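Structure, as structure tokens:
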């Protein structure tokens, strides 16, 4: 069936299910109805798609970032300039011109058909595609290198694109899928996959697939205006010396893709989990394992099956690689169903550290290239395999730290279902039954680096978004005098730049080779642009086509009244400032006029590497190793299993921002951290309160008793917390954290810095403890009292912090810990003085302190301009 026939059928179904679609397209200048479409021949539909002159209304939600220089339903070879594609594929197109919601959205397969048709409509021969590329690049065609490449590909709103000028496709030769306990869920409205579906069990975690596609591509360098790459770290000098593979034309099955050819396009995924192979090799060298060479190359040590597979193309289109659902971890068994184990080393002996006991830390030597991970850096050793084959969990014993540190017992291996590998494209011309090529010379093949990683507990927040906001946007606003004084103070005094335990560097900005130690690896040491994000090769005029400013029609009466009210209030505000304050003080006041409208980021997961971590210590998504002095990416350096490292990441002040939740405040003390909380989780997200559910299965701190002199607070004891056991028992939950948006993530970070300043611990955060953190309603009685007593009304959203400091006026404020229960997994502390802080979005925070329950000694509420 021709693509135009498939599109006609799909549009008829869509129009019949929801008349919002013909209404929306008609509004933009294509007068169409279901009856019109049904009466059209395919030739008539094709003519309409290619020749209709539209009048695109860019004031509509979802169309503000449609490229400004196109008024076409289909622009051959340019999905970003095709309004039909944009309407179907953009996650922001969710309502009609009259504001009523669209109810039915297209499937991935339908969107892909339209995408393929756009390339088919180009009606280009292979030679013409190459000629066009050389013309755009300004290079002699004979000197250019072309290849068939697999890319992970995603259509994105303008703020997340390469050129940042209009909605566009983004491409990378690295894709990041994520493990889960149940099958993938495609959210049609978001045009993407979601980690959690309404109605799911709270402990259910959906796998997150990655979509790959094959493209004819060209190798280029130093053409940033034509294809990028994205580079949040601004290392443009380095990128000017690096080669990048840039997509030119999508390749798909059939005779329509390239003129004169009949293509068969396939992609093959090869994935490995080598954690136990690498770990057992290291252990064997130290006489701690008896695994043979032959065993190391087989499951469960080297796993090559059951990690991920391509999904049904009829449902999700071509190239959707989906991890197979599994429990997050499992106890490792051999072919005879016997547990696989090794002798736990004495921590502190050569090659092993007790720094984070009872987790085993491989004491890996640092090199000039940095700290490399030839094997999993953190290993679970808390399950002892007895002589009779049974397993004893040491986490239930009070002396678990001493037992694990001493070692000498048979420790059970755990397996997870993460891994890395590659996706290789194979494109055959069925007319000649030969690989795709020109003049008898087959094109080279470039595989994509495929990562299957741990869950992302913040799927709506990306490393790149957080990094650019923190590193660039806020400092630039400060230089321009646009920040209120309290925020400017944080920037000017270094508290903004030093906030992170590890900065949110995105993997897409790293220039490092893929895993060149994989068995039969297709990667080479010189190819260091594999994680880069690029666009299609575009004419410089197209790349610079900034979306035109929206000229809105006259607003309805209610909106006009609101605007007049805002204008009147703003004039009053400016008059008051002129009367009461100096110009310098005026900058502290936040305007109450409606802000200029910005196109939001898509509130969905992404599988491109700007949502993955580029900090490798050892890493959240992937780590690094080295061979022959070449540093490369490698998944086998992560924790074995991954929750063993995730525990440390979360406790060390969200060591991987936008991926690992910040659980620092959950513990009274965490080894080797002084950063305090950065983006704290609320009480309900940490399992405190009626019906609350902890994301990691570990209920956070809580008050167990109180009197007029003191509170008794209870904390989980960090060393005894066992994330691997919690993962095995299905206690992890992504329900609440998956709802946290980028804006909420930012607000929490800013509010927390202000809280630390208010309590006088901005430079010594580890001396303070956040006992409770909540986002509160404005009618909360305590907040109303605080505002009344301080004569300050906070602007929302408002956050409430409650906590205490280690010392007050030089004296101890907290008792020594008292272990709770036989396993001593929790401990209680007696606290004399506590503080409560309310933080909103305005200039002031409200604070008071009290002893015990406040029934005898309590200070009045104060307003601080911090």
Per residue, the convex hull volume that the Cα atoms of the range 447-500 enclose (Å³): 130 Å³
Residue-span extension gain [residue 350 to residue 225] - 0.36 nm each, minus C-alpha spacing: 39.8 nm
Sort 225, 8, 460 by Cβ crowding within 10 Å, fewest neighbours at the top. 225, 8, 460
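Which order, highest average first, do 198-204, 601-607 follow once you tally other Cβ atoms within 10 Å for each residue and take the mean per peptide? List each step's numbers first, then the result.
Values: 198-204: 12.7, 601-607: 22.1.
Per-residue mean Cβ counts within 10 Å order the peptides as 601-607, 198-204.
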At a Förster distance of 25 Å, what's the computed FRET efficiency of residue 201 paired with residue 739, Cβ-Cβ distance as r, to 0.05? 0.95
Hey, rough spin-label estimate for residue 298 and residue 101, points 7 angstrom out along Cα→Cβ, what's it come to in nanometres? 5.5 nm
Using label points projected 7 Å from each Cα along Cα→Cβ, tell me how many nm separate residue 776 and residue 858, to one decimal. 1.1 nm
Simple SL model, points at 7 angstrom along Cα→Cβ for residue 811 and residue 335; separation in nm is 7.1 nm
Antiparallel DSSP bridges in the chain: what percent, to the nearest 5? 90 percent
C-alpha center-to-center spacing [the range 247-271, the range 751-780] in angstrom: 55 Å
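At 0.36 nm per residue, and after removing the present C-alpha to C-alpha distance, how many nm does the segment from residue 2 to residue 182 gain when stretched out fully?
On the way: separation 180, 0.36 × 180 = 64.80 nm, distance 3.53 nm.
Gain in length upon complete extension: 61.3 nm.
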The Rg/Rh figure for the range 674-735, Cα atoms and Kirkwood Rh, to two decimals is 1.02
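Based on the mean of other Cβ atoms within 10 Å per residue, sort peptides 287-297, 509-519 so the most packed one is first.
Working: 287-297: 13.8, 509-519: 21.3.
The peptides rank, most packed first, as 509-519, 287-297.
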At what distance in angstrom do the alpha carbon centres of the range 480-515 and the range 104-133 lie from each other? 39 Å
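How high is the FRET efficiency from residue 287 to residue 526, r the C-beta distance, R0 25 Å, rounded to 0.05?
In this case the efficiency is close to 0.05.
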Note the full-extension length gain between residue 476 and residue 430 as 0.36 nm times their separation in residues minus their Cα-Cα distance, in nm to one decimal. 11.0 nm
Between Rg and the Kirkwood Rh of the range 661-864, both from Cα atoms, what is the Rg to Rh ratio? 0.95
With a ≥ b ≥ c taken as the square roots of the eigenvalues of the C-alpha gyration tensor of the chain, please select rounded if a/c is under 1.5 and otherwise prolate if a/b is larger than b/c or oblate if it is not? oblate
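No value in this document is a laboratory result; all are computed from the given coordinates. Fair warning: this is a prediction, and the values are worked out from it, not measured in the lab. When we count neighbours, we look across all protein chains shown, and the Cβ atoms used for this are built from the backbone with ideal geometry, even at glycine.
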